[in-house]
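Undergrad: I am attaching a structure below and will ask some questions about it afterwards.
Values quoted throughout were computed directly from the atomic coordinates according to the rules given, and no laboratory measurement underlies them. Computed from a prediction, not measured in an experiment: that's the story for all the values here. Methodologically, a virtual Cβ is constructed for each residue, glycine included, from the backbone with ideal geometry; neighbour enumeration extends over all protein chains shown.
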């Protein structure tokens, strides 16, 4: 396994996001539902790493792994119950079964990756994001304004659950905490500080090696994000990479190639974007995509990302 903090001082690491993309590319197709079979999932991820030559495996599939293990929604994510948590729901009854849902299969996949001496980042939902998934994002946004007590009580409970999952993963991999809905694309900086900031700080403390990914626009909350306690900050492509190195001088910067570009563009465009990132490098860096690679992106584009990431490393 890689000593990340030491290795990034010597070279840029490469860790493309996209467990589903890579798994489907390497034999974990529809009949296996990507991660319903942990051994197959792990083998696919390791086979992909051997082919592409990246440094770190990103193990993820979707944002419903925790809620399935909480016994609330079917793994297919299209259950009629999704997002139907009412205000009178007994929040004290919320718990998570670490032997339930797909969590045991995730564990098998991690253990397989470890058996091949790989380093794995494993996605975990942040408290604010998990609360939004449970309630339904649209209703949760309204709660922040009209039902503040319920929202805060729900976030308090999801903070506990996120910590349970993180503490379980700590033993075998690096938790990759994903806050998908707390950026300024959805809530104001004031609401971020009021509802999301303290919970994410708490779960960062629970991580042996804290890693935070945020979807959307974090430009208005850069100062807040760097105070979360994370050591690695992963972010979307709408934050200029040069600005990120200035804002996060003491952190490992992770990102931020546009995933949609990886789907629609040709290799020469991938090379140009990788070169842009590498020329902007102003500190410890892990080259990746700004979010998950879309299923169906050309294989040659990921090959190009990894290849040119090495060629242009400075």
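Undergrad: For the chain, with a Gaussian network of springs between Cα atoms less than 10 Å apart, report the residue from 11, 36, 135 with the top mean-square fluctuation.
TA: Residue with maximal mean-square fluctuation among 11, 36, 135: 11.
Undergrad: What angle do you read, to the nearest 10 degrees and between 0 and 90, between the alpha-carbon axis of helix 38-52 and the longest principal axis of the chain?
TA: Taking Cα atoms only, the helix is inclined about 30 degrees.
Undergrad: May I ask for the angle, rounded to the nearest 10°, between helix 137-146 and the longest principal axis of the chain, with both axes built from Cα atoms and the value confined to 0 to 90°?
TA: Approximately 50 degrees, to the nearest ten.
Undergrad: Just to compare against my own numbers: the Cα pair-distance distribution for the range 211-314, 10 Å bins, whole % per bin, please.
TA: Using 10 Å bins, I get a P(r) of 16, 50, 29, 6 for the range 211-314.
Undergrad: Kindly state, to the nearest 0.05, the FRET efficiency for residue 50 paired with residue 164, given R0 = 35 Å and r defined as their beta-carbon distance. If you can, show how the numbers build up before the last one.
TA: Working: r = 33 Å, r/R0 = 0.95.
That gives a FRET efficiency of 0.60.
Undergrad: Sum -39500 (n - 2.57) across every DSSP H segment of at least 4 residues in the chain, then divide by the residue count to get the 222 nm mean residue ellipticity, nearest 500. Each step should come with its number before you reach the end.
TA: On the way: 14 runs with 140 residues, N = 314.
Helix contribution divided over all residues of the chain: -13000 deg cm²/dmol.
Undergrad: Hey, with R₀ at 30 Å, roughly what FRET efficiency would residue 137 and residue 2 work out to, going by the Cβ-Cβ distance, to 0.05? Please list the in-between numbers first.
TA: On the way: r = 35 Å, r/R0 = 1.16.
Calculated value: 0.30.
Undergrad: What length, rounded to one decimal in nm, is gained on full extension from residue 99 through to residue 198, with 0.36 nm per residue of separation minus their alpha-carbon distance?
TA: Numbers: separation 99, 0.36 × 99 = 35.64 nm, distance 2.84 nm.
Computed gain between residue 99 and residue 198 is 32.8 nm.
Undergrad: For volume of the Cα convex hull per residue in Å³, which listed value, (1) 117; (2) 163; (3) 143, comes from the coordinates shown?
TA: Correct label is (1).
Undergrad: The range 298-314 to the range 135-172: how many Å between their Cα centroids?
TA: 37 Å
Undergrad: Another question, then. For the range 205-232, list residues with backbone N below 16 Å from a point placed 7 Å from the Cα of residue 242 toward its Cβ?
TA: Within reach of a label on residue 242: no residues.
Undergrad: Given the Cα-Cα distance of residue 264 and residue 62 and 0.36 nm per residue of separation, how much length would full extension add, in nm?
TA: Values: separation 202, 0.36 × 202 = 72.72 nm, distance 2.20 nm.
Separation in residues times 0.36 nm, less the Cα-Cα distance, equals 70.5 nm.
Undergrad: Which percent, nearest 5, of DSSP beta bridges in the chain are antiparallel?
TA: On the way: 0 of 26 bridges.
Approximately 0 percent, going by the DSSP bridge assignments.
Undergrad: Rounded to whole Å, give me the distance from the Cα center of the range 216-233 to that of the range 236-285.
TA: 16 Å
Undergrad: Between residue 89 and residue 314, what FRET efficiency follows from the Cβ-Cβ distance if R0 is 51 Å, with the result rounded to 0.05?
TA: On the way: r = 53 Å, r/R0 = 1.03.
E between residue 89 and residue 314, to the nearest 0.05, is 0.45.
Undergrad: Give, as ranges by residue number, the residues of the range 2-27 whose backbone N falls under 12 Å from the point 7 Å along Cα→Cβ of residue 117.
TA: 2
Undergrad: Compute the long axis of helix 197-206 from its Cα atoms, compare it with the longest principal axis of the Cα atoms of the chain, and write down the angle in degrees, 0 to 90, nearest 10.
TA: 70 degrees
Undergrad: Mind sorting 102, 139 by how few other Cβ atoms lie within 10 Å of their own Cβ, fewest first? Before the final figure, lay out the partial values.
TA: Values: 102 24, 139 16.
Least crowded to most crowded, the residues run 139, 102.
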